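One structure is given here, and the rest of the page talks about it.
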Amino acid sequence: MLQLRRFSFLFLLIYSFSSSAQNVKLNKLWETDPSLKVPESVVYYAAEKILFVSNIDGKPNEKDLKGSINKVSLDGKQINNWATNLSAPKGMGIYLDKIYVADIDEVVAITLKNGKIAQRFPVEGAVFLNDLTIDNEGIIYVSDSETGKIHQIDKGKVSTYLENQNGVNGLLCSEQNLFFLANGILWKADSNKSLTKIAEGMDESTDGIEMTKNKEFIISCWNGVVYNVKSDGSKTELLDTREQKINAADIGFDQENGILYIPTFFSNKVYAFKLN
């Protein structure tokens, strides 16, 4: 029975859910081969029509410089090593000519044209930097899941933006708001740092967060669950691979084409799904 379920996931997976307006389906497009090295995060880069995938390639909290970033083609068939000398790289964000990466206790800036490290931003007191997002002004926000803090990097200056957010992980800047995930709860912090709870009751391993064209959220949980969450806080489960022990780490999303990319961590693959 377990083999049948795994087969169904790998080759026939179609999850659907209902909304008030229409039935929406999450249809599998492809999967990479298992050559990735503990993929934690995916970022879609429209300018090059490519995916960036961060690879921990070791222990998630060890400064071993074994980590890397791959470029992966949009059909999942080509995987090229692109940037190295990282330590358990996780969340990423792109701004202008650089991609910024959360790397345990620092944020690393990498030049997009050549994959070379341009700068490192040490975050004092950081223990486990996890996700990263960048607003329209180039201000970087990075979460520390161990200390419960969200740090800010503005024009190279590092400061603490929010604290006492136990288990904080996924981050997303949208307009003047910072959305973040912590232990199964989706929060919104406005420009005054006033907090509003958007949704709760999700699997406590909430990890990645993306926004669709119609301002709904796609949220992944490391344990293997993916949710659709509306602005009113209602949520529906899109995917659940907990029984198969397939993780769903920090997702990437092509908003224009509605394609979701899921890094599977210990399964060493990325899956692509079309959100219809």
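The values are calculated or read from the model by the stated rules, or taken from the named source; none is laboratory data. Predicted model only: the values in this text are computed from it and were never measured. Here the Cβ is made from the backbone with ideal geometry for all residues, glycine too, and neighbour counts use every protein chain on show. What goes into the accessible areas is simple: the full protein's heavy atoms, side chains included, and nothing from ligands, DNA or RNA. Shrake-Rupley method; radii C 1.70, N 1.55, O 1.52, S 1.80 Å.
Keeping to the stretch 135-153, report how many residues are part of a loop (DSSP other than H, G, I, E, B) and either surrounded by 21 or more Cβ atoms within 10 Å (Cβ to Cβ) or out of contact with any Cys (no Cβ under 7 Å at 6 or more places or on another chain) (or both). Can you show your working first?
Here is the first cut: in the stretch 135-153, the ones part of a loop (DSSP other than H, G, I, E, B) are 135-139, 145-148.
Restricting the remaining residues to those that are either surrounded by 21 or more Cβ atoms within 10 Å (Cβ to Cβ) or out of contact with any Cys (no Cβ under 7 Å at 6 or more places or on another chain) (or both) gives 136-139, 145-148.
Residues that pass the stated criteria total 8.
It is to be established whether one or more residues within the stretch 188-205 are crowded, with 19+ Cβ neighbours inside 10 Å, in contact with a Ser or Thr (Cβ under 7 Å, 6 or more places away or on another chain) and either under 15 Å from Ser145 (Cα atoms) or of a type outside the set (Asp, Glu) (or both).
Among the residues of the stretch 188-205, not one is crowded, with 19+ Cβ neighbours inside 10 Å, in contact with a Ser or Thr (Cβ under 7 Å, 6 or more places away or on another chain) and either under 15 Å from Ser145 (Cα atoms) or of a type outside the set (Asp, Glu) (or both), which makes the answer no.
For Asn214, only one of the following conditions fails: (1) in a strand (DSSP E or B); (2) free of Cβ contacts under 8 Å to residues at least 24 places away in the same chain. What is its number?
(1)
Scan the stretch 82-99 and tell me whether some residue there is closer than 25 Å to Gln152 by Cβ, touching an Asp or Glu at 6+ places or on another chain (Cβ under 6 Å) and surrounded by fewer than 24 Cβ atoms within 10 Å (Cβ to Cβ).
Yes; the residues of the stretch 82-99 include at least one that is closer than 25 Å to Gln152 by Cβ, touching an Asp or Glu at 6+ places or on another chain (Cβ under 6 Å) and surrounded by fewer than 24 Cβ atoms within 10 Å (Cβ to Cβ).
Would you check if there is a residue in the stretch 197-205 being among the hydrophobic types (A, V, I, L, M, F, W, C), part of a loop (DSSP other than H, G, I, E, B) and free of Cβ contacts under 8 Å to residues at least 40 places away in the same chain?
Pass one, the stretch 197-205, residues among the hydrophobic types (A, V, I, L, M, F, W, C): 198-199, 202.
Now narrow it down to the ones that are part of a loop (DSSP other than H, G, I, E, B): 202.
This time we only want the ones that are free of Cβ contacts under 8 Å to residues at least 40 places away in the same chain, so: 202.
Within the stretch 197-205, one or more residues are among the hydrophobic types (A, V, I, L, M, F, W, C), part of a loop (DSSP other than H, G, I, E, B) and free of Cβ contacts under 8 Å to residues at least 40 places away in the same chain.
For Glu237, all conditions in the list (1) more than 23 Å from Ala88 (Cβ to Cβ); (2) assigned to a loop (DSSP other than H, G, I, E, B) hold save one; what is the number of the exception?
(2)
State yes or no: is Phe265 aromatic (Phe, Trp, Tyr), open to solvent by less than 50 Å² (accessible area, probe 1.4 Å) and closer than 20 Å to Ile198 by Cβ?
Numbers: aromatic (Phe, Trp, Tyr): yes; open to solvent by less than 50 Å² (accessible area, probe 1.4 Å): yes; closer than 20 Å to Ile198 by Cβ: no.
No, not satisfied.
Inspect the stretch 21-29 for any residue being outside any loop (DSSP other than H, G, I, E, B), under 28 Å from Asp97 (Cα atoms), in contact with a strand residue (DSSP E or B) (Cβ under 8 Å, 6 or more places away or on another chain) and modelled with pLDDT of 95 or more and give the result as yes or no. Show your work before the answer.
Going residue by residue through the stretch 21-29, those that are outside any loop (DSSP other than H, G, I, E, B) are 23-29.
Still in the list and also under 28 Å from Asp97 (Cα atoms): none.
No, there is no match, as no residue in the stretch 21-29 is outside any loop (DSSP other than H, G, I, E, B), under 28 Å from Asp97 (Cα atoms), in contact with a strand residue (DSSP E or B) (Cβ under 8 Å, 6 or more places away or on another chain) and modelled with pLDDT of 95 or more.
For every residue, the table says whether it meets (1) surrounded by 18 or more Cβ atoms within 10 Å (Cβ to Cβ); (2) modelled with pLDDT under 95; (3) on the phi < 0 side of the Ramachandran plot.
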{"position": "Asn214", "(1), (2), (3)": "no, yes, yes"}
{"position": "Trp222", "(1), (2), (3)": "yes, no, yes"}
{"position": "Thr241", "(1), (2), (3)": "yes, no, yes"}
{"position": "Phe253", "(1), (2), (3)": "yes, no, yes"}
{"position": "Asn257", "(1), (2), (3)": "no, no, yes"}
{"position": "Leu260", "(1), (2), (3)": "yes, no, yes"}
{"position": "Lys269", "(1), (2), (3)": "yes, no, yes"}
